[in-house]
Structure formats: structure tokens, C-alpha cells
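This report refers to the structure that appears directly beneath it.
The values are calculated or read from the model by the stated rules, or taken from the named source; none is laboratory data. Computed from a predicted model, the values in this text were never measured in an experiment. Every residue, glycine among them, receives a Cβ derived from its backbone with ideal geometry; neighbour counts consider all protein chains shown. To get the accessible areas, we keep the full protein, side chains included, count just its heavy atoms, and leave off ligands, DNA and RNA. Shrake-Rupley method; radii C 1.70, N 1.55, O 1.52, S 1.80 Å.
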Amino acid sequence: MNTKGKVAGVIANLVTVEVNGPVSQNEICYIKMSDVKLMAEVIRINGKNTYVQVFESTRGLKPGTEVDFTGHMLEATLGPGILSKNYDGLQHDLDKMDGVFLKKGDYTPALEDDKRWEFKPIAKIGDTVIAASWLGEVKEKWMPHKIMVPFKFKGSYTVKSIVEQGEYKINDTIAVLVDTENNEVSVSMVQKWPVKIPIKAYEKKPRPFKLMETGIRVIDSLIPIVEGGTGFIPGPFGTGKTVLQHSLSKQADADMIVVAACGERANEVVEIFAEFPELDDPRTGRKLMERTTIIANTSNMPVAAREASVYTAMTIAEYYRSMGLKILLLADSTSRWAQALREMSNRMEELPGPDAFPMDLPAIVSNFYARAGFVYLNNGKTGSVTFIGTVSPAGGNLKEPVTESTKKAARCFYALSQDRADSKRYPAIEAVDSYSKYLEYPEFQEYIKESISTDWVENILSAKNILVKGREAYEQINILGDDGVPLDYHQAFWKSELIDFIILQQDAFDDIDSSTSIERQQYMMNKVLDVYNTNFKFETFEEVNPYFKRIINVFKQMNYSEYKLEQFSKFENELQDIIQEKLMIVE
Amino acid sequence: MKTTAFQKIYIKIENITKATCSLHAQGVGYEELAIVNGRLAQVVKIQGSLITLQIFSGTEGISTNSEVIFLGHSPKLSVSEELSGRFFNAYGLPIDDGPDVDGKVVEIGGPSVNPVRRKQPSELIATGIAGIDLNNTLVTGQKIPFFADPDQPFNQVMAMVALRAKADKIILGGMGLTNDDYLFFKNIFENAGVLDRITSFVNTTEDPPVERLLIPDMALTAAEYFAVEQNKNVLVLLTDMTLYADALSIVSNRMDQIPSKDSMPGSLYSDLARLYEKAVQFPSGGSITIIAVTTLSGGDITHAIPDNTGYITEGQLFLRKDSDIGKVIIDPFRSLSRLKQLVIGTKTREDHPQVMNASIRLYADAANAKTKLENGFDLTDYDERSLKFAKKYSERLLAIDINIDIDEMLDTAWDLLNQHFSVSEIGIKTELIEKYGKRKVNEIE
Ligand SMILES: Nc1ncnc2c1ncn2[C@@H]1O[C@H](COP(=O)(O)OP(=O)(O)OP(=O)(O)O)[C@@H](O)[C@H]1O
Ligand SMILES: [Mg+2]
């Protein structure tokens, strides 16, 4: 018998329930209003009073209303069919809901019970298996979706029987396993997992080291992220966090993208809904939507479900990682999740930490980021979850609890600057202050040397250095005036502008410029560094600015042209001519 | 508010604070309305049988034996075509001596649109103001505020935009409007002969501030009626949302909630997002566009109200006085319409995006030149040219008194670019320079 209770108090979506039996922290319950059932989660237990956060509006809720407890935590439903779905924060299928408006308590199933999947066994009778071992696979669109031993299973099992290749529904038994005490358990193609608990059914999690290509120059060529790495993008409003995440979701070299739209604008998700089914994934030729799953809990959807949404998304990512896939998880914005925690903590009258956020915010954030990673599965294959979250700092000030907590947890820092956004220098990543800790990993350096080139990392350092020098020169020019500084300062500044305009800046809305292959990035970086290393002859500082503007202009035209095709070469030649004009002849 | 017979009357209030009172009652639902001594109140807290009511107009004079009647529902509005041309208060009651509206009674603050049912906004809203149409193009279904200091003519600009926007219906939600501004809106709509397209919900400075909290929901409920039931393109004007947020903070303060930044409630983001996200393009053709006003104090956009607003809305339009030309302009740096990408270069001429960006970049160079000048340095020839360009650009394009169509804006921009800059300084795609700038790209620099 599951525990029951009665509503005793209501303040917004915090409801007090008097219970008649055992309840556990984070247990899910349903509040049975006359016409609908509202889903809620236990967040504090105090004697016979249990506090639950309701994932819905509580308008009209009356004391005395009955509550049913379920005996389990908030769980994700994992099985074939997740790919390309649009879910809400609790993994209800948004497309299955009727009507234009969301209805309270309209909890649609995450998967299709009666859809048939072509199952091919991988495991054989007599095999020893453990949690996450691959029993078989079904083709989910293009993806070999592995059917695994449920993650909840402890210890080892022997395969007693497994079905033959054929069509099955997700709830059909596809294998029978026997544990060490000879108990039989049947396994279907679907399993449940509590979203707040990391899935750890892998062998080990080394430091990540493989570059993850994003096609975004300032990232790949200056602040690279790795498969299984973590990064975050803080920036004041309107500086380009979402555009950057959308670019990542379109271009990053991953098998699957999980997008958690967490407390942000609905129209931004609609953009994905509208575009992704149409856009091609350049790597595979398939539509982008075929590698994407969206968890949409936009800002007008229930606040408590916002917090759940990032966990739901992470659990789905971890599930697919266990199949040996590269997953990129994006969350926009993690600040909204932190704010959801703050709202609840305030309602429960907990002792507040800085800016009224809960005291344990740093721990919550770092536990979440720790779920990302590159793993070796038990069968020796690898998989990864790369996580990049945005942060929306209050007042644009990075000294606030969410940014500070995240900075401790994430290894790449992509700071968007208001100044750069104001002057339309997109993506507005402040390349000097931002960093990638992976650049310091010897295993990463090694990997780059072997797979890309020996001078990639070195070039990154040179480019950063040029930017720093340019910034210093600019400051001096501003203090001393154009003619108060040596000519070199003007050159130093303009050479850094060259890197800024040609490598850092990238038009996310241009078909060609928006995504740059690694090969092309390398080519352009070398070209830019060549110009940097060229000694130019100028008579006065007044020649420097117009001259470099011409160079930058031609370089930009190259960025807008198809790589190494006619136009591109034309501009390249033009560039050569311009450089010849001012070449310092060394006798 | 009318009451019906057989409703139970409570006459024993236990607690009274500045904004709330509490009493024991049975069978009361969360957010249900009540009438306390003739004043409207709403349930904000239930603890067993102890019910806490927020009284919108304040608790002055409420006594422990005042009559309390529960109405059994949350705030409602009666919606029908009869809303057109009418003026209402925060409770949705007529303030124009007209009759009550006969129509379907709906709860305000209703459910959100399922994101998968939304359509991507795609219809350009032309305002004739180049600072908007050229640099920050608006689209139906968008939500965008004016950020302005209190001395800027934001209500005038907003009214102008509303009149030129060709919306089927305009809903005005006025919060803390001065009586003068209320009359301004009334007159300007009357004079333009568009009163029949307009519905207004008004809370003036003479009304209790907490009542304002109902205004946006009233306005948006009316908007949803027109957009959903009649597939109309509805424009909602909300002014001033800063006063709305102030009312939120008054309430949360009186209820002893822990404030976060700038004494605002920790839920400010969600509270504002719930309203602004009502902006939507419906699949059936109707739409709700929200243009709001958020007044700033001393231009500070890091204050919690504009800050949270900026994180919610799809851009912002910054009003600023340009001292060089002595006019109010739409500041090209801090202003942004995030949905412009959906229409510029496709619904407008193909050179639009690049001309827009190049002009703003060059305008920024003028700002740098100005700093140089202020610091007492010599200006280069380029600096001089960019300063001249910037002044003309302000005068002929950014000033809010401009009223031209978008092609003319683009031609004007080319005109100014050509007058002041070389081809490489303009730095945009050569085909566009040749086609629309009417210049030869290999001309002598
Ligand atoms: N790479 C880019 N190229 C061109 N324009 C860009 C780019 N990045 C951002 N923008 C411009 O900036 C606008 C705001 O970007 P975006 O919506 O990503 O900001 P944000 O940081 O997510 O803001 P918020 O915190 O309010 O959600 C975009 O609508 C677009 O006009
Ligand atoms: Mg964003």
C-alpha cells in the first residue's frame, strides 16, 4: 500500500501534505484535485508534515485534497523513441498533448507503447552481463540504439534466454536474466532511472582529451572544448549566449544533441522546432532534428519543472552515452534553474546564502557538471557527454553566486562581453579572459599533435599573445594619443584587430561563415599569423589604419567565400598584392 | 463585485497586516477571490483552515469584525467584441460610464501555450521609425520593451508605434499612469479615429498600487480572446512595467519574503516571464505582440527590473537624447530586436542586414573619435569623417521623428556611407556595394 496524504497548506507551488505513512525525500506524489491530478515532488519532511513542490499552478487547490504517493523518485523513461522528441521538463511528450494551450495534469507518455522496433540480439544465451551490458539493438531512425541491462540491476547475471531478431514493442520481454541466486528477471526495451542520480554503469572515466570540433573559430582555434568536457557561457542579456548554443547544436561534431531549454524564451525553442527538421547536418547529410532531442521547459512553464528539466536532459544524455555515443548536452540557462531553487528555498524559509540563493548551490552545480565526461564502457567502447551551460548573471556582473559556483565546476569559460556585443563583434566571446583548461592537459596536447598538427596549440598561444599585446597597445594609444606612441603600437593594435575580425568574429547567420572546418581554420590561422609576422613599412601612423582595414576587408571576403574555390583564391591573390605594397624589404 | 445569496459570511478576522488579513474558513481554494469589507482580496496562503488574504487596495480601516465573503473563483474578465473601444479598471470594471461587458467569463492569467504549437513569428511590423525598422525590426508575436529614463517621451513614442503598426486590435495596460498620460492616450486614440480598435485597462497614480498587479493579466486575457477566438493580430502596450515590479516588491515585502537584488522578490524573473511569454504567433493566424515600457533610474540597466526584463524580452529599444542633434533617438548600441533576423534581408531588401551592421559599426567608430576629442587628442581624417557621418546618421535615421519606409531608410544609409567612407571602410560584401551602393569596388581608394 502506498502512502496517502491530505493537503494541509498552500503557498504558491509549495504545498504541505499531512501523510499517513512513510514518505521519502524526492518521492513523487499526485495531488488529486477534482478534475485533474497534479504531479509534485517531496522536498522536505518535517514530522507528519511533508512539503512538496508542485510541477503545476496550484490555483484553486483546497486543503483536505487527497494526495497519493508513488514510492519512487522522479524518473526518466529510457528506451527507443527518445530521439527527435520534444519533451517538457518532466519528459512528457509535448507533441502528444491536445490543444494549443498546456493543460494542467496533461501527462503524456514519453515513449510509444505500441510502436514496433526491429530488434537484433547482441548478447547470447549463457553470456554474463551486468547493468548497461548491451543485450541487443534496434534501429532508432539512423541510430543503433542499444538495448541494455537496466542500470538499476546490481551484480552480475547470466542470459537465460534472448528473443530472436524481429519486431518487438518496448514493453515486450526481450531477454530473461538469472542472477547469482538463480532468480529470474525479465528485461524489456524500456527502463526507468531516477533523474537526480548519475548513471555510473561504465568502467572508468579518464580525463577527457579529444578535441570536439564545433566549427566556431574562437572556440576550436582558441578556447577548445573536448569530448566529454564541460564549459559555460556567462554573459549579460543579449550578448549571444543562445545564438552561440544554437550554433553549437547545429555544428558540433556529436552523434546526438540534447537541448535543455530551461526557463528561457519559447520563441527560441520554436526556432529549433522550425529549423532543425529542415536543416542538414553537414557531417551526415541527415536532418539536424534526427540527432536532436529537446527538453523544453520555457520561462512560462511551471517553475519547479525547470529544475527537473536539466536533470531529465542529463539522464537522457547519460543513457545514450552508455550506447557508446558522443552526446552534446546544452542547457540554456542554468541560472534559471538556480533561480527555481531560490524560489523554493525562500518559500520554505530556509536560511539564505548569498543573493538569497540556497546555501548548497555550489555543491548542486558542481555535482551536475560532474555527470558529464568521457567514459570507457565495460565492453571497452567509449562514449561521452559534453556539457555546455549558459549562465545569465544578474546585472551582467560575474561576481554573483551562479557564475562563481559554475566557474568552479566547468573547465571551459566562454565569457561574453557587453562591449563586444554592443559593437556587434560576434560571437562576443572575450578571448583573452576566457579559457580552456584542457589546453593544459598533456593528453590533449598529445592528441592534437597527432590528429591535427604539431603547431595548433602553439598557434593558440601566439594568437592569444597577439590579442593581449594589441589590447595593451590600444590602452597606450588611448592614454598618449595617436602620435604620442611609436608606430609599432599602431601595428600591434591593428594586427590584433586582424585576429579579432578574421578568427574571432564569425557571422552565425551566414551560410558559409557560420561553420568553419578544422582544416580551414588552420589555413586561416596560418595566413593571419603570416601577416602578423610580416614587417610592414609605414611612414606615419595614419597609414596603418586604412591599410589594415583593407587587409581585414579582403580576409573577411575570404571568410564569406567557399573554401579554396575561385572567389576564395581571387581574394587570396588580392591579399597578396596588398601585402606586397607595404612589404619592408630587408637588405 | 456582485455577490450571490447563500454565500457564507465570515466576521472574525484573526490577523491584519498592511496588505493582508487572515481568518479561519473552510473550503477555500488557492488564489480564490474574496471581498473584505467591500474590498477585493485574493487568497495568497493557506495553512490548514487559516486563510491569508491580500487586500488589493490596502487594509486601512479593516477591522477584526469586517465582513469577509469568498467568491469561489480567481480573478475573471468578461470577454467579447464589446471590449473594443472601452476603458476598464484593474478589476475589469468599466470606468467610461459604459455598460458592463456581456460575454464569456474567463479566468485571467490562464495557461501557457504549448511551445510545439507556436508558430515562428514572421510578419514584419513597420513603424516608419528607422531606429526601429532599420536597426531593430519588430515582428508580430514579439515582446519588447522601451528602456527609457522617466523624462523621455516613451508614452508618446509607444502611442506612435501603436498607431502606425497596423494591428487589428490594440490593448493598453496602464500601470501607475498619471492622469495626464491616461488622457493623452485617450485623446490620441480618439483623434486618430481608432478608438474602436482599442481596449484599455488603466490603473492611475490615484489608484492603490497593488491593484496594478492585475492589469497585465487583464490586458493579456483580452488580447488572447481577440487573438485566439478571432484570429486577430493584437498589439498589447504595457506601461510602466517598472511600476508593476515595484508593486510586486511591496507585496512580497509586506509578506516578509526574503528579497533578492534591489529589494525585488526572488521570483521577479518568473513573474515577469509569465506575462511577457504571452506574446505569441498562433498557428491559426492570430498573434499577440507586446510592447512595454520599463523606466530606468539614471539609465541603470543593471537594476533588477530592467535586467530581468532584458533576459526575458526579445530585445529592447533604448531611448536617449542625442545632444549633438538635440533630438531623442533610438540608441543603436544598446537597442536590439532579436527577432529581426527572421525578417531582415528576406522580407526586406537583401542588403538590409549588412547595411545595418556596417552603419552601426561606423557609428561606433564615431563614438571612439568623440572620446579622443574629449581627451584632447588630434583627430585623424577618418575620425573627422566618422563624426560627420554619425551626426547625419542620427539626424536622418535614428531620430524618432522620422517616418519613412524601409527601402528609403536603406537608400539613405547608402547615401551617408558613400558620402563619408571608402569601399573598404564600409567593408561589406562586394556584390552588395555594387548593386545597392552603386559603387565600383575597384575604384581608387
Ligand atoms: N554570432 C552572432 N552573429 C550575429 N548576431 C548575433 C550573434 N550572436 C548574437 N547575435 C545577436 O544578438 C542577439 C542576442 O543574442 P542571444 O539571444 O543569443 O543573446 P543571449 O545572451 O542569449 O541573451 P539572453 O540572456 O537575454 O537570453 C541575437 O538576436 C542577434 O541579433
Ligand atoms: Mg538567451
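Among the candidates A:Gly105, A:Gly71, A:Gly89, A:Gly155, which residue alone is within 14 Å of chain B (Cβ to nearest Cβ), surrounded by fewer than 17 Cβ atoms within 10 Å (Cβ to Cβ) and not aliphatic (A, V, I, L, M)? It would help to see each step written out before you state the result.
Details: A:Gly71 fails: within 14 Å of chain B (Cβ to nearest Cβ); A:Gly89 fails: surrounded by fewer than 17 Cβ atoms within 10 Å (Cβ to Cβ); A:Gly155 fails: within 14 Å of chain B (Cβ to nearest Cβ).
Going through A:Gly105, A:Gly71, A:Gly89, A:Gly155 in turn, just one is within 14 Å of chain B (Cβ to nearest Cβ), surrounded by fewer than 17 Cβ atoms within 10 Å (Cβ to Cβ) and not aliphatic (A, V, I, L, M): A:Gly105.
Quick check on my filter: what residues within the range B:316-347 are open to solvent by less than 50 Å² (accessible area, probe 1.4 Å) and more than 16 Å from ligand 1 (Cβ to nearest atom)?
B:Leu319, B:Asp322, B:Ile325, B:Gly326, B:Val328, B:Ile329
Would you say A:Ile499 is open to solvent by less than 20 Å² (accessible area, probe 1.4 Å), away from ligand 1 (no atom under 16 Å from the Cβ), farther than 22 Å from A:Lys549 by Cα and more than 14 Å from chain B (Cβ to nearest Cβ)? First the steps, then the outcome.
Working: open to solvent by less than 20 Å² (accessible area, probe 1.4 Å): yes; away from ligand 1 (no atom under 16 Å from the Cβ): yes; farther than 22 Å from A:Lys549 by Cα: no; more than 14 Å from chain B (Cβ to nearest Cβ): yes.
So A:Ile499 fails the test.
I need a count of the residues in the range A:326-370 that are more than 16 Å from ligand 2 (Cβ to nearest atom) and either open to solvent by less than 20 Å² (accessible area, probe 1.4 Å) or of a type in the set (Lys, Arg) (or both).
18
Any idea which of B:Thr302, B:Thr309, B:Thr313 is within 14 Å of ligand 1 (Cβ to nearest atom), surrounded by fewer than 24 Cβ atoms within 10 Å (Cβ to Cβ), of a type outside the set (D, E, K, R) and at the interface with another protein chain (Cβ under 9 Å from one of its Cβ atoms)?
Details: B:Thr309 fails: surrounded by fewer than 24 Cβ atoms within 10 Å (Cβ to Cβ); B:Thr313 fails: surrounded by fewer than 24 Cβ atoms within 10 Å (Cβ to Cβ).
Within the list B:Thr302, B:Thr309, B:Thr313, the selection yields B:Thr302.
Among the residues of the range A:91-130, which ones are assigned to a strand (DSSP E or B), of a type in the set (Asp, Glu) and closer than 30 Å to A:Gly155 by Cα?
A:Glu118
Residue by residue, here is whether (1) within 12 Å of ligand 1 (Cβ to nearest atom); (2) aromatic (Phe, Trp, Tyr); (3) farther than 22 Å from A:Tyr320 by Cα; (4) within 16 Å of the chain's Cα centre (by Cα) holds:
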site	(1), (2), (3), (4)
A:Phe237	yes, yes, yes, no
A:Thr242	yes, no, yes, yes
A:Gln245	yes, no, no, yes
A:Leu248	yes, no, no, yes
A:Glu264	yes, no, yes, yes
A:Phe276	no, yes, no, no
A:Gly285	no, no, no, no
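Identify, from the list A:Lys210, A:Lys287, the residue that is surrounded by fewer than 24 Cβ atoms within 10 Å (Cβ to Cβ), in contact with a Pro (Cβ under 7 Å, 6 or more places away or on another chain) and away from chain B (no Cβ under 11 Å). Quick ask: steps written out before the conclusion?
On the way: A:Lys210 fails: in contact with a Pro (Cβ under 7 Å, 6 or more places away or on another chain).
Only one candidate passes the filter, namely A:Lys287.
Restricting attention to the range A:1-46, report how many residues are open to solvent by 20 Å² or more (accessible area, probe 1.4 Å) and over 24 Å from B:Gln26 (Cβ atoms).
Counting residues in the range A:1-46 that are open to solvent by 20 Å² or more (accessible area, probe 1.4 Å) and over 24 Å from B:Gln26 (Cβ atoms) gives 12.
Looking at B:Pro259, B:Pro208, B:Pro265, B:Pro283, which is the one that is assigned by TED's automatic domain parsing to the domain that holds B:Leu124, more than 27 Å from B:Leu138 (Cα to Cα) and touching a residue at least 60 places away in the same chain (Cβ under 8 Å)?
B:Pro208
Can you tell which of A:Val187, A:Val218 is more than 14 Å from every other protein chain (Cβ to nearest Cβ), more than 15 Å from ligand 1 (Cβ to nearest atom) and open to solvent by less than 20 Å² (accessible area, probe 1.4 Å)?
A:Val187
Report yes if some residue within the range A:191-198 is open to solvent by less than 30 Å² (accessible area, probe 1.4 Å), over 14 Å from A:Ser322 (Cβ atoms) and touching a residue at least 12 places away in the same chain (Cβ under 8 Å); otherwise report no.
There is at least one residue in the range A:191-198 that is open to solvent by less than 30 Å² (accessible area, probe 1.4 Å), over 14 Å from A:Ser322 (Cβ atoms) and touching a residue at least 12 places away in the same chain (Cβ under 8 Å).
What's the total number of residues in the range A:290-300 that are open to solvent by 10 Å² or more (accessible area, probe 1.4 Å) and within 12 Å of chain B (Cβ to nearest Cβ)?
Start the filter on the range A:290-300 by keeping residues that are open to solvent by 10 Å² or more (accessible area, probe 1.4 Å), which leaves A:290, A:300.
Filter once more, so that each one left must be within 12 Å of chain B (Cβ to nearest Cβ): A:300.
The total comes to 1.
How many of the residues in the range B:336-367 are in a helix (DSSP H, G or I) and under 27 Å from B:Ile125 (Cα atoms)?
Residues flagged as in a helix (DSSP H, G or I) and under 27 Å from B:Ile125 (Cα atoms) within the range B:336-367 amount to 16.
When you scan the range B:383-437, how many residues do you find that are charged (D, E, K, R), closer than 22 Å to B:Ile132 by Cα and not in a helix (DSSP H, G or I)?
Of the residues in that region, 2 qualify.
Could you check the range A:351-380 and list, in sequence order, the residues that are closer than 26 Å to A:Thr242 by Cα and assigned to a loop (DSSP other than H, G, I, E, B)?
The answer is A:Phe357, A:Ala370, A:Arg371, A:Ala372.
Can you name every one of the strands (runs of 3 or more DSSP E) wholly within the range B:76-173 that holds 1 or more residues which are among the charged types (D, E, K, R) and under 27 Å from B:Ile301 (Cβ atoms)?
Ranges flagged: B:143-148.
Looking at A:Gly389, A:Gly383, can you tell me which residue is within 15 Å of ligand 1 (Cβ to nearest atom), within 24 Å of A:Ala331 (Cα to Cα), touching a residue at least 24 places away in the same chain (Cβ under 8 Å) and surrounded by 22 or more Cβ atoms within 10 Å (Cβ to Cβ)?
Answer to the check: A:Gly389.
Which count do you get for residues in the range A:426-450 that are in contact with a helix residue (DSSP H, G or I) (Cβ under 9 Å, 6 or more places away or on another chain) and either open to solvent by 50 Å² or more (accessible area, probe 1.4 Å) or within 16 Å of ligand 2 (Cβ to nearest atom) (or both)?
6
Say whether the condition of being within 12 Å of another protein chain (Cβ to nearest Cβ) and under 14 Å from A:Lys62 (Cβ atoms) is met by at least one residue in the range B:32-39.
Our first condition is that a residue be within 12 Å of another protein chain (Cβ to nearest Cβ); within the range B:32-39, this holds for B:32-33.
Next, from what is left, pick out any that are under 14 Å from A:Lys62 (Cβ atoms): B:32.
Yes, that holds for at least one residue.
Restricting to the range B:383-405, give me the number of residues that are in contact with a Leu (Cβ under 7 Å, 6 or more places away or on another chain), open to solvent by less than 20 Å² (accessible area, probe 1.4 Å) and away from chain A (no Cβ under 14 Å).
Counting residues in the range B:383-405 that are in contact with a Leu (Cβ under 7 Å, 6 or more places away or on another chain), open to solvent by less than 20 Å² (accessible area, probe 1.4 Å) and away from chain A (no Cβ under 14 Å) gives 3.
Give the residue that is nearest to ligand 2 (Cβ to nearest atom), with candidates limited to residues of the range A:268-280 that are facing chain B (nearest Cβ under 7 Å) and open to solvent by less than 10 Å² (accessible area, probe 1.4 Å).
A:Val269
Could you check, for the range B:55-63, whether at least one of its residues is under 19 Å from B:Ser249 (Cα atoms) and either in a strand (DSSP E or B) or assigned by TED's automatic domain parsing to the domain that holds B:Ile250 (or both)?
Yes: the range B:55-63 contains one or more residues that are under 19 Å from B:Ser249 (Cα atoms) and either in a strand (DSSP E or B) or assigned by TED's automatic domain parsing to the domain that holds B:Ile250 (or both).
Having 2 or more residues that are in contact (Cβ under 8 Å) with a residue 60 or more places away in the chain and in contact with a Ser or Thr (Cβ under 8 Å, 6 or more places away or on another chain) is the bar; report the helices (runs of 4 or more DSSP H) wholly within the range A:486-565 that clear it. Steps first, answer last, please.
Numbers: elements: A:487-499, A:518-532, A:541-559.
It comes to A:518-532.
Test of understanding: among A:Leu487, A:Leu467, which residue is buried (at least 18 other Cβ atoms within 10 Å of the Cβ) and not assigned by TED's automatic domain parsing to the domain that holds A:Ile233? Spell out the reasoning first.
Numbers: A:Leu487 fails: buried (at least 18 other Cβ atoms within 10 Å of the Cβ).
Exactly one residue qualifies, and that residue is A:Leu467.
Please determine, by comparing only the residues of the range A:568-587 that are exposed (fewer than 15 other Cβ atoms within 10 Å of the Cβ) and assigned to a helix (DSSP H, G or I), which one is nearest to the chain's Cα centre (by Cα).
A:Ser569
Which residues, counting only those in the range B:368-382, are part of a helix (DSSP H, G or I), within 9 Å of chain A (Cβ to nearest Cβ) and surrounded by 15 or more Cβ atoms within 10 Å (Cβ to Cβ)?
Correct list: B:Lys372, B:Tyr382.
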